[in-house]
Amino acid sequence: MSRRAIFAAVSCVLAAPAMAQAPVTALPGDMPPPPISAMIAPPRPAGSPPPLMPDLVEGPSLVVALAAAQAAIAQCAKDGLAVGAAVVGSQGNLLVGLTGDKARPGRIFSGTRKASAAAAFAVPTSVVQERLRAQDGATLAAFKPYMVGMPGAVPLIKGGRVLGGIGVSGATGQQDEACAAAGAAAVQGRL
């Protein structure tokens with residue numbers, strides 16, 4: 001083995017711990033896995049109370065979220081665009097993620113982040129982007145690392161309350177946002 005090959009191998013081994021410690025931005029609702037002790041603990045006895053669960057997060061039902069995502073993808077497909085769509089609840093938690101035929105990987109991930117921004121700010125993400133570009137202090141202060149402030153998502157609102165958002169990814173931002181708006185319009189009466 002040449003000295004170069006040995007040096008390259010040693011460099012990779014030494015750099016691995018530094019790269020493994022890179023921070024990861026969790027999405028809302030993400031929970032770390034339970035400790036090993038909890039995973040191997042005996043099951044709860046019959047009749048014992050269930051574990052405490054976090055507060056219920058408001059959002060559209062599964063049926064409505066699925067219909068919205070399908071309508072968004074169908075609109076884009078009609079326009080010849082291969083996209084993914086994500087519907088989130090009011091806190092940005094993923095409810096439904098769908099990838100359209102021939103869409104590239106990662107579309108649900110991007111759509112979720114766009115939808116989270118639309119839900120958090122209660123406006124389409126094209127407006128969020130304008131506010132970020134204008135250095136709006138309130139928007140900058142409330143913007144989270146798991147959000148994407150690019151066009152492509154709209155909030156889902158019923159009676160003045162934000163129930164969630166729908167985000168689309170895979171085309172231009174304007175095309176994504178038009179498809180997200182079509183998905184939201186398709187379910188507006190069912191929210």
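Laboratory data are not the source of any read-out in this text; all were calculated from the coordinates shown. Keep in mind it's a predicted model, so treat the numbers as computed, not measured. Note that each Cβ is placed from the backbone with ideal geometry, even for glycine, and that neighbours are counted across all protein chains shown.
Could you work out the per residue convex hull volume over the alpha carbons of the range 33-101, in cubic angstrom?
That works out to 154 Å³ per residue.
With a/c under 1.5 counting as rounded, go ahead and sort the range 134-183 into rounded, prolate or oblate using the C-alpha gyration tensor (a ≥ b ≥ c being the square roots of the eigenvalues; past the cut-off, prolate if a/b is larger than b/c, else oblate).
oblate
Could I have the simple spin-label model distance between ALA142 and LYS102, label points 7 Å from Cα toward Cβ, reported in nm to one decimal?
3.9
Tell me the net charge near LEU163. Cut-off is 14 Å between Cβ atoms, LEU163 excluded, with +1 for each Lys or Arg and -1 for each Asp or Glu.
+2
Go through the range 101-118 residue by residue and turn each phi into a ³J(HN,Hα) via Karplus (6.51, -1.76, 1.60, θ = phi - 60°); whole Hz please, and just put x for glycine and proline.
4, 6, 6, 6, x, x, 5, 5, 4, 5, x, 4, 5, 5, 4, 4, 5, 4
Based on the Kirkwood radius over alpha-carbon pairs, what is the Stokes-Einstein translational diffusion coefficient of the range 65-191 at 4 °C with 1.567 mPa s viscosity, in µm²/s?
Approximately 95 µm²/s, per Stokes-Einstein.
Grab the other residues whose beta carbon is less than 14 angstrom from that of ALA178, score K and R as +1, D and E as -1, and report the net.
-1
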